[in-house]
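The structure appears right after this line, and notes come after that.
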Amino acid sequence: MRKILTATMAAAALGVAATAGAATATTTFGVSATVLKTCSVAAAALGFGNYTPAAGALAANTTVNVKCTKSTPFTVALNGGTTTGGTIAQRLMTNGTDTLQYNLYTTAGFATIFGDGVSGVTVPGVGTGLATAVAVTVFGSLPDNAANQAVSTGAYADTINVTVTY
């Protein structure tokens, strides 16, 4: 029994000696990522409601929500609409062959027409991060003018394309 105990103690001593003499080596490595700029855009419909010719102009507004990576500058532009003959200077809604005049503005005072980047004015902004939208208000005016007073009854519509450049 003495031989087994001596052998066990000798083996244990060798193990301790081997551990005490162990060496280590270390290094480091870098971790990196590049955050790319990105934006998304969503817009709610703009509804003027019911228009009664000769009863006065209508005003309405909507919001274009832009989400961009933090500190990313952007501009919002609106085209002239999809109705044939519509332009930035005079947007049109259509119902069959009739058109109803309206326009979109950057302010509630209807002083500056919301443009497409070529004519009118675009609206700038800066992203606050993808979790938070930057709201851009679009103000609409449907004038009670001679052209609009001469249209047929019915539902009129147009589609505006929103472009966010970043």
| query | Using a simple spin-label model with points 7 Å from Cα along the Cα→Cβ vector, what separation in nm is obtained for A146 and A89? | reply | 1.8 nm
| Rounded to 10°, Cα long-axis angle of helix 2-20 versus longest principal axis of the chain | 40 degrees
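For every helix of n ≥ 4 consecutive DSSP H residues, a contribution of -39,500 (n - 2.57) applies; sum these over the chain, divide by its total residues, and give [θ] at 222 nm rounded to the nearest 500 deg cm²/dmol. Present the calculation step by step, with values, prior to reporting the outcome.
On the way: 2 runs with 23 residues, N = 166.
For the chain, the value works out to -4000 deg cm²/dmol.
In nm, what is the difference between 0.36 nm times the number of residues separating T26 and Q101 and their Cα-Cα distance? List each step's numbers first, then the result.
Numbers: separation 75, 0.36 × 75 = 27.00 nm, distance 7.39 nm.
So the chain would gain 19.6 nm between T26 and Q101.
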| field | the chain: Cα Rg divided by the 2.2 N^0.38 Å rule of thumb | value | 2.23
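Where a number appears in this text, it was derived from the coordinates with a stated rule and is not lab data. This one's a predicted model, so the numbers in the text were calculated from it and none came from an experiment. Cβ atoms come from the backbone with ideal geometry, glycine included; neighbour counts cover every protein chain shown.
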